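What follows is one structure encoded as structure tokens, with my remarks underneath.
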Amino acid sequence: MSAKNVTLKVENLNKNYGSVVALSNVSFEILKGEVVALVGDNGAGKSTLVKCVAGSVFPSSGSIYLDGEKVNFHTPGQARDAGIETVYQQLALVDTFNISENLFLGKEVKRTGLSRLFGILDRKEMRRQALQAIQEFNATFPDVNATVETMSGGQRQIVAMTRGAFWGKSLLLLDEPTAALGVQESKSVLEVIERFRSQNQMSLLIISHNLEHVWQVCDRILVLRGGNLVANLVKKDVTKSDVVSHITGAYSK
Amino acid sequence: MKNFRVTGIQARLLVLIALVVMFSLTTPYFFGVSNLTNIIVNASVVGVIACPMTLLLVARQIDISVGSAVALSAAVFVVMSEKQSLIIGLVSGLAAALFVSALNVAAIVYLRVESIIVTLAGLIAFRGLAKVVLDGRSVTINGWDYIGEHRINAFGLLKVPVPVVIFMVMLLIFYFIMRATKYGSNMYAIGANPESARLSGIKLEVQVAKAFALMGLAVFIATTMTVSMTGIASPTSGQNLEFLALTAVILGGVGLGGGRGNVLGTCLAVLILAVVDNALVLRGVQSFWQEVARGSLLMLAVIFDQLSRKRDKTVRMGI
């Protein structure tokens, strides 16, 4: 594999909180367009690892490379500017805003010319781009102008993911995308993730404790246990029970 | 139209019209050009303050120091213009108003104290400071009666008093800011979901500071109006202004939760309050009872806000 195809490279990443080791020498790569699942029990270090990549936690030591370049994110904003978008578990949506307002939250499109001086919004253009993005990922909403507070949990998740995919150039981090959803809702969220994979050049890292859900959409599975990366498995080479035994620590060679 | 439902603005307009019709039929002298003009003129000062108050409440902030800020700005303005000149008085009055908002911003944004606590302290302290500047007396001003006395010809038909013109201009500016600009949209986001706004890269502190700066300007404008209309600065200048503006904003549909409502609702609520106030005076209701009525209106506004919040989860920003 050539270095060009590596979107994210994490090398010997360590994170200590005082004497508590949250991550210990974690190294892995995510290839371009690849969908990687990050699984592990509670406290395994999943969130810490993701926060390091997303820029909200600074690692104690180790390096992160994005598209071959070394990066040092001190704020989530820096990570976003570099092309890493994060869909948080709480989604970070504004309930009283509609889809297009949420898609452009904090990155609103302003009209050109004199209007720009006053920061006048170009609602038409934002709406156009939002509709295009929705269409691109083939997401369906009963009413594209409705506020997100009127939507179901699954639809809200899809709005947040559409925003991530719209802005993310290199990597999209999904934090527990199906954790709070019912069976049918999870299914439609996973369908959208499938579409991201088939249409996008972007790589995905999905954090989940529900192996069942990530199994159908991922190419590779990273297993964290006690801050260590205990397994890096290609899905087609393993079975679900193999992965579970890695998560629980029952696996032995 | 699939589902016909009365929007918040329409409901408030209906209430206003109903009140005007009712008082016109039942209260002598109520329905007449001079009394109706009088109502709107009296509402103008509250309206000017209520516009930035709407912006603040939309972003879950509050400023209850505005009445005292007007008192301080008026005191400095009048005393300095009597001692020096009108220009120096105006500049000093503006400086006093901006000084107040700078202190509010410093405490709220940098020390991260809740705005209700900070401005409660200001409510007490700034009126005290105004009394210090005035030495506890009322001071009259000369040569500043333009706003209070003059009318502007509109379309060659109506002669509109200057305070009303100022109120309308403020209304248009704030409607524009909140409806059409990135800044306004971000303020709604901050009010609806502060954490989401922060995660999306909106700088909450900066945006809130701007709103308090706008309030400082509005305080100065309200000061020049009130001084011109009364001809004095007194220890009671601007009294109850915070309370009247807040009642209007809540009755106007912003509510204490933030993230919704707009200045049109606030404007209608300002007029509703002014109409009720005027009718009570005309009917000779004892002033103690007028206070009871005002307080009850605020309570009604809050109850109405709670009910509409529960019933209607689909209220969107804007109309």
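Only one of the numbered conditions (1) open to solvent by 20 Å² or more (accessible area, probe 1.4 Å); (2) of a type in the set (A, V, I, L, M); (3) more than 10 Å from every other protein chain (Cβ to nearest Cβ) is violated by B:Met187, and that is (1).
On the stretch given as region B:98-115, residues that are farther than 17 Å from B:Lys131 by Cβ and in a helix (DSSP H, G or I) total 12.
Note on region A:92-153: enclosed helices (runs of 4 or more DSSP H) holding 2 or more residues that are buried (at least 19 other Cβ atoms within 10 Å of the Cβ) are A:99-103, A:123-136.
Given the structure, is B:Lys203 within 13 Å of chain A (Cβ to nearest Cβ) and touching a strand residue (DSSP E or B) at 6+ places or on another chain (Cβ under 8 Å)? Judged against the criteria, B:Lys203 is not a match.
When A:Gln89 is tested against (1) open to solvent by 60 Å² or more (accessible area, probe 1.4 Å); (2) assigned to a strand (DSSP E or B); (3) under 16 Å from A:Leu174 (Cα atoms), exactly one condition is not met: (2). Assessment of region B:59-81 against the conditions (open to solvent by 40 Å² or more (accessible area, probe 1.4 Å) and out of contact with any helix residue (DSSP H, G or I) (no Cβ under 7 Å at 6 or more places or on another chain)) yields no matching residue. Just one of the listed residues (B:Ala211, B:Ala197, B:Ala218) is buried (at least 19 other Cβ atoms within 10 Å of the Cβ) and within 9 Å of chain A (Cβ to nearest Cβ), namely B:Ala197.
Within region B:267-307, the residues that satisfy the criterion of being in a helix (DSSP H, G or I) and of a type outside the set (A, V, I, L, M, F, W, C) are B:Asp277, B:Asn278, B:Ser287, B:Gln290, B:Glu291, B:Arg294, B:Gly295, B:Ser296, B:Asp305, B:Gln306.
Is region A:125-145 home to any residue that is within 12 Å of chain B (Cβ to nearest Cβ) and of a type in the set (Ser, Thr, Tyr)?
Of the residues in region A:125-145, the ones within 12 Å of chain B (Cβ to nearest Cβ) are A:126, A:143, A:145.
Subsequent filtering for residues that are of a type in the set (Ser, Thr, Tyr) retains none.
No, the conditions are met nowhere in region A:125-145.
Within region A:97-121, being touching a helix residue (DSSP H, G or I) at 6+ places or on another chain (Cβ under 9 Å), more than 10 Å from A:Ala160 (Cα to Cα) and more than 10 Å from chain B (Cβ to nearest Cβ) holds for one residue alone: A:Ser100. Filtered by the rule that a residue be part of a loop (DSSP other than H, G, I, E, B) and open to solvent by 10 Å² or more (accessible area, probe 1.4 Å), region B:235-257 gives B:Pro235, B:Thr236, B:Ser237, B:Gly238, B:Gln239, B:Asn240, B:Gly253, B:Leu256, B:Gly257.
Residue check: A:Asp81 meets all listed conditions (1) within 14 Å of chain B (Cβ to nearest Cβ); (2) under 26 Å from A:Gly153 (Cα atoms); (3) within 16 Å of the chain's Cα centre (by Cα); (4) at pLDDT below 90 but one, namely (2).
For B:Ile117, the criteria (1) surrounded by 21 or more Cβ atoms within 10 Å (Cβ to Cβ); (2) more than 14 Å from chain A (Cβ to nearest Cβ) hold in every case but one, which is (1).
Among the residues that make up region A:158-166, is at least one of them within 13 Å of another protein chain (Cβ to nearest Cβ), touching a residue at least 40 places away in the same chain (Cβ under 8 Å) and in a loop (DSSP other than H, G, I, E, B)? Scanning region A:158-166, I find no residue that is within 13 Å of another protein chain (Cβ to nearest Cβ), touching a residue at least 40 places away in the same chain (Cβ under 8 Å) and in a loop (DSSP other than H, G, I, E, B), so the answer is no. The sole residue among A:Val94, A:Val53, A:Val71 that is within 14 Å of another protein chain (Cβ to nearest Cβ) and at pLDDT 90 or above is A:Val94.
The values are calculated or read from the model by the stated rules, or taken from the named source; none is laboratory data. These numbers were taken from a predicted model, which means no experiment stands behind them. Note that we place each Cβ from the backbone using ideal geometry, even for glycine, and neighbour counts take in every protein chain shown. Calculation scope for accessible area: heavy atoms of the full protein, side chains included, ligands and nucleic acids excluded. Shrake-Rupley method; radii C 1.70, N 1.55, O 1.52, S 1.80 Å.
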